[in-house]
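**Student:** Structure below; questions to follow.
The values are calculated or read from the model by the stated rules, or taken from the named source; none is laboratory data. These numbers were taken from a predicted model, which means no experiment stands behind them. All Cβ positions, even for glycine, are placed from backbone atoms using ideal geometry, and neighbour counts span all protein chains on display.
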Amino acid sequence: MITALDRAQTELANIVGAARVVSDEGTRASLSVDGKTPGLAVYPPSAQQTAEVLRYASHERLAVIPCRNATKLSIGNPPRDYDIALCMKEMNRVWHYEPEDLTISAEPGMKFGDFQHFVGRHGLWLPLNPPGGASASLGGIVATNASGSYRCFYGTPRDMALGVKVATTEGKVVKAGGRVVKNVAGYDLTKLMIGSFGTLGVIVEMSFKLFPRPTERATFVLTAGTLEKAREIRRALQLSPIRPLRAALLDASYMEFLKESEHLKECGGGCEIWIEVGGSERVVGRCSSELKQIALRANETFREQERNSTMAGVWSRIDDSYSGVRANTDDWLLRVSMAVSAVEEYMIRANRDQLRPEHFWRCWAEPLGGIVHLWLHPHPEPAGFEEVIHNLRRLGEELGGSLVVEIAPFAGKAKVDAWGTIGDDFEVMRKLKDAFDPNHILSPGRFVGGL
Amino acid sequence: MKSFTRELIRLVGRDAVLWRPEDLMLYEYDGLSSLRQPDAVVLPTTTDHVVGIVKFAAREKVPVVARGAGTGLSGGAVTPEGGILIGFSRMKKILEIDLENQRARIQPGVVNLDLSLAVSDQGYFYAPDPSSQKACTIGGNVAENSGGPHTLAYGVTTNHVLGLEVVLPGGEVIHTGAAHWGRPGYDLTGLIVGSEGTLGIVTEITVRLMRKPEAVKTLLAVYDRVLDATRTVAAITARGITPAALEMMDGFTLRAVEDATHAGYPKDSAAVLLIEVEGLLENVEEESDQIEAVCREDHARDVRRAKSNEERELLWRGRKNAFGAIGRISPSYYVQDGVIPRTRLPEMLEFIAGVAEKYKLQIGNIFHAGDGNLHPLLMFDARDEAQHQRVLKAAREIMAKCAEMGGSITGEHGVGIEKNELMPLIFSPDDLDAMRKVKSVFNPAGEFNPAKLLPSGKMCGELRVQVSAGA
Ligand SMILES: Cc1cc2nc3c(=O)[nH]c(=O)nc-3n(C[C@H](O)[C@H](O)[C@H](O)COP(=O)(O)OP(=O)(O)OC[C@H]3O[C@@H](n4cnc5c(N)ncnc54)[C@H](O)[C@@H]3O)c2cc1C
């Protein structure tokens, strides 16, 4: 008997060529998502072919999850169905690059590390530090609006993308925005696509504005005996004339972890605030003296972090927590977004009321971005552990924020929604999904509210 | 009085409804004039009022058009198909200022500059600063995704809006985005900003506030050749410097500005660049020196630095009142708005000069040059119909050139009824279909701001536009 997937394999081979439709067990298994393994992996080489694959899949109601190498597929609810892994690997070209205009257009399969290297030759960069680091793909970054600690200064891909081209389930390639830094012609579909987790269409090209890399960068560290002290320092920082490129608040649990993993020195059970500044030598010098003042006034210590592997290691752990966590399938990684003023409060209350030693948790925050990260490693997981996650979510919502489960063990995902409470704008989101993906073939069930 | 009017009065009160033709006349135009008056103008004070009006309009099947200050330049706030015009002039409360979180919650009728003034003493400001900021409303800015001189470094309106309260055509009220970073879900805030009142009526806005920089320096670079000034623009960004603002005026425009404001622009020059750098003192000093060096390399005849705050403000007053200054010397003018990659400015200026010659027109140039955002000003006399037609043709040619250079037909003024028929210059039928899908989700019957933004395919844009700005 010929199954639907056999037929699909033949039909898809007609679109992209037989070598680009793969059904071997190993490949398929490597692309599985939350325990579901796709029947086929397809590697479209062009925008138009991507669109044709989608049209076919939509017509046949085959569920598609777009990816590059599945680095960020841990985010989201388990898919309802998963027939085809759409791997964008082959689409990794740069279409336009105008270093003097600070603009570039590239394809989604390009790795972030290669991209940075490419524009780095002209002293430019895309100031993001997404989970997955150099091996994250541009498409994945844009589809998830992934940023990292630089977001407090530079913003997120939402603030850098000038336009996108998207392959739709109707088999079309649709352009939104453009390649110039200012543009208000028509609806801003670029914003709609960014952060839609591949549930509306598949991004096949994107244009960014680039930024000049700061000539000098330096990292300074302030201690904070308690989280209350950390709040005082954060407020002083907000009122100072300097604008850090990034800042991270590492609580006692995280310091403990860095002591082991990065051989960081003891800091007496307190917190540290890591701050990176950028600019000319004089600007960095000025920042240094401002930060020193802040530390002095708070009765805390100040040091310039040596530019060594420890410094690099700490920043990369802060930004790329995924890589550390993913290896450990029992782990939970949570991201709680909230107003800047609530960050320390959240940490204090989570510490006091929710977290227990047996949860083996580590906590760090972006005090200027309003984000608290929690990494929990309950081993073995106590019965009813999802209650802890619910409580942590409730606490975030009480403080006006929201909690996203970025990574969870398979069993946990079935019990805790990755995205949390939906708002009164959900009905519009549902209709947008219906309009762009009427047969719900794109990452079905993975996004907010089961979209 | 029609029963229609009586019902509106019942909803919002007698003093909040205008229906006499002489009162409605004022609302017949913004930058463009409409062929039809609204049937009524309503001035609500609360979201509930807006919901009531919208539900009533839906029952009566009449169009609803929102209006801020009416400073829009693309005909967004007029009623080409009649209907109810909701004016936001009375919804101008600043509802909440939260400095620790650098945000404010406001009603849409708040005038742009008023928000900055409200937080200025504490050392904050609202970054998007359209030249019309003394008059235009933030609701209008949200609808147009407005920019301004300082958006080069800070980004445009969409980069500063965190969340919205929006009334949909059925009267439902939704809340998009959040007061913090990263609420999951589709970015409806990003979609509604710039939608020109065609997707929903915005009744509340949460914006981000910025800390004022420690130091600001304003430079005026003076050139004998326009080409040299345009070359400097890309040269500055190529050095890795992002000024807070980088504006250009050509000789014709700056002379008009100088006559009107006495800001200190040298009248015998061919072009000036107005450049501002901000940040830490150290940064501002270094960048000013670097910029001056670049300008001189590109043959600036003089580079002046504003020595006092008064001098700085005077220079900016000149720039921000440029349209008014042109109005003093030309009976009418048509402000165009296009974008090109900034490296192509020299080529574009030559092209515009060619167009002026071809159509026998005077065209002044004033640019948000750092963004590659052009505002050619096409002078004419509205009584001269032939000249009016030449202006429209010339404008279209410039837009087509922007598109050909990989740019856009509007960088900040929006599409409205002015450019909807030009959309095919940069978007394919499939691209436009995707936009129609979005519109059908929010505004399926098309009652919110009809005939705007998307091409109707019915009429040729050139003939529809009646330019009134500056008249
Ligand atoms: C001298 C001058 C200089 C200018 N300089 C600049 C500049 O530097 N940068 C720039 O970007 N623009 C500039 N403009 C254009 C204009 O000022 C902006 O587009 C401004 O944002 C319009 O605001 P407004 O309150 O006047 O809106 P209006 O003109 O009243 O309306 C504009 C659009 O917004 C919609 N709208 C208004 N309120 C709402 C609401 N609450 N909900 C939904 N839709 C709504 C209207 O329906 C309409 O489509 C300038 C205009 C002039 C006259």
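**Student:** Going by the structure shown, is residue B:123 within 15 Å of the ligand (Cβ to nearest atom), outside the structural domain of residue B:73 (by TED's automatic domain parsing) and closer than 23 Å to residue A:153 by Cβ?
**Tutor:** No.
**Student:** Give region B:142-151 a look and list any residue that's in contact with a helix residue (DSSP H, G or I) (Cβ under 8 Å, 6 or more places away or on another chain) and either more than 6 Å from the ligand (Cβ to nearest atom) or part of a loop (DSSP other than H, G, I, E, B) (or both), or say none.
**Tutor:** Of everything in region B:142-151, those that are in contact with a helix residue (DSSP H, G or I) (Cβ under 8 Å, 6 or more places away or on another chain) and either more than 6 Å from the ligand (Cβ to nearest atom) or part of a loop (DSSP other than H, G, I, E, B) (or both) turn out to be B:142, B:145, B:146, B:147, B:149, B:151.
**Student:** Quick one: in region B:409-442, of everything that is of a type in the set (Val, Ile, Thr) and away from the ligand (no atom under 12 Å from the Cβ), which residue is farthest from residue B:186 (Cα to Cα)?
**Tutor:** B:409
**Student:** So residue B:304 fits all but one of (1) under 19 Å from residue B:248 (Cβ atoms); (2) within 28 Å of the chain's Cα centre (by Cα); (3) of a type outside the set (Val, Ile, Thr); what number is the exception?
**Tutor:** Answer for residue B:304: the failing condition is (2).
**Student:** Out of region B:1-27, which residues are within 26 Å of the chain's Cα centre (by Cα) and crowded, with 17+ Cβ neighbours inside 10 Å?
**Tutor:** Within region B:1-27, B:24, B:27 meet the criteria.
**Student:** Report, by residue number, each residue of region B:338-377 that is β-branched (Val, Ile, Thr) and out of contact with any His (no Cβ under 6 Å at 6 or more places or on another chain).
**Tutor:** B:339, B:340, B:343, B:352, B:355, B:363
**Student:** In addition: Where in region A:247-362 are there helices (runs of 4 or more DSSP H), lying wholly inside it, with at least 3 residues that are out of contact with any Ser or Thr (no Cβ under 6 Å at 6 or more places or on another chain), polar (S, T, N, Q) and within 30 Å of residue B:288 (Cα to Cα)?
**Tutor:** Output list reads A:281-297.
**Student:** Does residue A:147 fit the bill of being within 11 Å of chain B (Cβ to nearest Cβ) and in contact with a helix residue (DSSP H, G or I) (Cβ under 7 Å, 6 or more places away or on another chain)?
**Tutor:** In short, yes.
**Student:** When residue B:166 is evaluated against the numbered criteria (1) free of Cβ contacts under 8 Å to residues at least 40 places away in the same chain; (2) at the interface with another protein chain (Cβ under 7 Å from one of its Cβ atoms); (3) within 13 Å of the ligand (Cβ to nearest atom), which criterion, by number, is the only one it fails?
**Tutor:** Answer for residue B:166: the failing condition is (2).
**Student:** Report whether or not residue B:185 is more than 16 Å from the ligand (Cβ to nearest atom) and at the interface with chain A (Cβ under 8 Å from one of its Cβ atoms).
**Tutor:** Considered against the rule, which asks whether it is more than 16 Å from the ligand (Cβ to nearest atom) and at the interface with chain A (Cβ under 8 Å from one of its Cβ atoms), residue B:185 comes out as yes.
**Student:** Give the residue that is nearest to residue B:163 (Cα to Cα), with candidates limited to residues of region A:161-175 that are touching a Gly at 6+ places or on another chain (Cβ under 6 Å) and within 9 Å of another protein chain (Cβ to nearest Cβ).
**Tutor:** Here the answer is A:166.
**Student:** A follow-up question, please. Taking the condition surrounded by 24 or more Cβ atoms within 10 Å (Cβ to Cβ), at pLDDT 95 or above, away from chain A (no Cβ under 14 Å) and within 22 Å of residue B:319 (Cβ to Cβ), does residue B:340 pass?
**Tutor:** The answer is no for residue B:340.
**Student:** Now a separate question. Just one of (1) buried (at least 18 other Cβ atoms within 10 Å of the Cβ); (2) touching a Pro at 6+ places or on another chain (Cβ under 9 Å); (3) not assigned by TED's automatic domain parsing to the domain that holds residue A:264 trips up residue A:329, so point out which.
**Tutor:** Of the numbered conditions (1) buried (at least 18 other Cβ atoms within 10 Å of the Cβ); (2) touching a Pro at 6+ places or on another chain (Cβ under 9 Å); (3) not assigned by TED's automatic domain parsing to the domain that holds residue A:264, the odd one out for residue A:329 is (1).
**Student:** Is it fair to say residue B:114 is of a type in the set (D, E, K, R) and surrounded by fewer than 20 Cβ atoms within 10 Å (Cβ to Cβ)?
**Tutor:** So residue B:114 fits the description; yes.
**Student:** From B:364, B:411, grab the single residue that is among the small types (Gly, Ala, Ser) and within 14 Å of chain A (Cβ to nearest Cβ).
**Tutor:** Among B:364, B:411, only B:411 is among the small types (Gly, Ala, Ser) and within 14 Å of chain A (Cβ to nearest Cβ).
**Student:** Collect the residues in region A:177-196 that are free of Cβ contacts under 8 Å to residues at least 40 places away in the same chain, within 7 Å of chain B (Cβ to nearest Cβ) and small (Gly, Ala, Ser), keeping them in residue-number order.
**Tutor:** If the condition is that a residue be free of Cβ contacts under 8 Å to residues at least 40 places away in the same chain, within 7 Å of chain B (Cβ to nearest Cβ) and small (Gly, Ala, Ser), then A:178, A:185, A:186 are the ones that fit.
**Student:** Of everything in region B:132-141 that's surrounded by 24 or more Cβ atoms within 10 Å (Cβ to Cβ) and within 6 Å of the ligand (Cβ to nearest atom), which residue is nearest to residue B:153 (Cα to Cα)?
**Tutor:** Here the residue is B:141.
**Student:** Within the set of pairs 6+ apart or on separate chains, which have a first residue in region B:55-73 that is under 28 Å from residue B:145 (Cβ atoms) and more than 14 Å from every other protein chain (Cβ to nearest Cβ), a second that is of a type in the set (Ser, Thr, Tyr) and within 6 Å of the ligand (Cβ to nearest atom), and C-beta atoms under 6 Å apart?
**Tutor:** From region B:55-73, the pairs are B:68/B:137; B:69/B:137; B:71/B:132.
**Student:** If you check residue B:40 against the conditions, is it more than 12 Å from the ligand (Cβ to nearest atom), outside the structural domain of residue B:174 (by TED's automatic domain parsing) and buried (at least 24 other Cβ atoms within 10 Å of the Cβ)?
**Tutor:** yes
**Student:** Residue A:448 is checked against (1) within 14 Å of chain B (Cβ to nearest Cβ); (2) farther than 22 Å from residue A:190 by Cα and fails just one. What number does that condition carry?
**Tutor:** So the condition that residue A:448 fails would be (2).
**Student:** Another question, if that's okay. Give the residue that is nearest to residue B:73 (Cα to Cα), with candidates limited to residues of region B:290-338 that are away from the ligand (no atom under 16 Å from the Cβ), in the same structural domain as residue B:273 (by TED's automatic domain parsing) and in a loop (DSSP other than H, G, I, E, B).
**Tutor:** The qualifying residue nearest to residue B:73 (Cα to Cα) is B:306.
**Student:** So which of A:119, A:184, A:166, A:94 ends up being more than 30 Å from residue A:338 (Cα to Cα), surrounded by 24 or more Cβ atoms within 10 Å (Cβ to Cβ) and over 19 Å from the mean Cα position of the chain (by Cα)?
**Tutor:** A:166
**Student:** What's the total number of residues in region B:48-68 that are surrounded by fewer than 21 Cβ atoms within 10 Å (Cβ to Cβ) and in contact with a strand residue (DSSP E or B) (Cβ under 7 Å, 6 or more places away or on another chain)?
**Tutor:** 2
**Student:** Same structure, new question: Going through B:79, B:45, B:158 one at a time, which residue ends up being assigned to a loop (DSSP other than H, G, I, E, B), more than 9 Å from the ligand (Cβ to nearest atom) and out of contact with any strand residue (DSSP E or B) (no Cβ under 9 Å at 6 or more places or on another chain)?
**Tutor:** B:45
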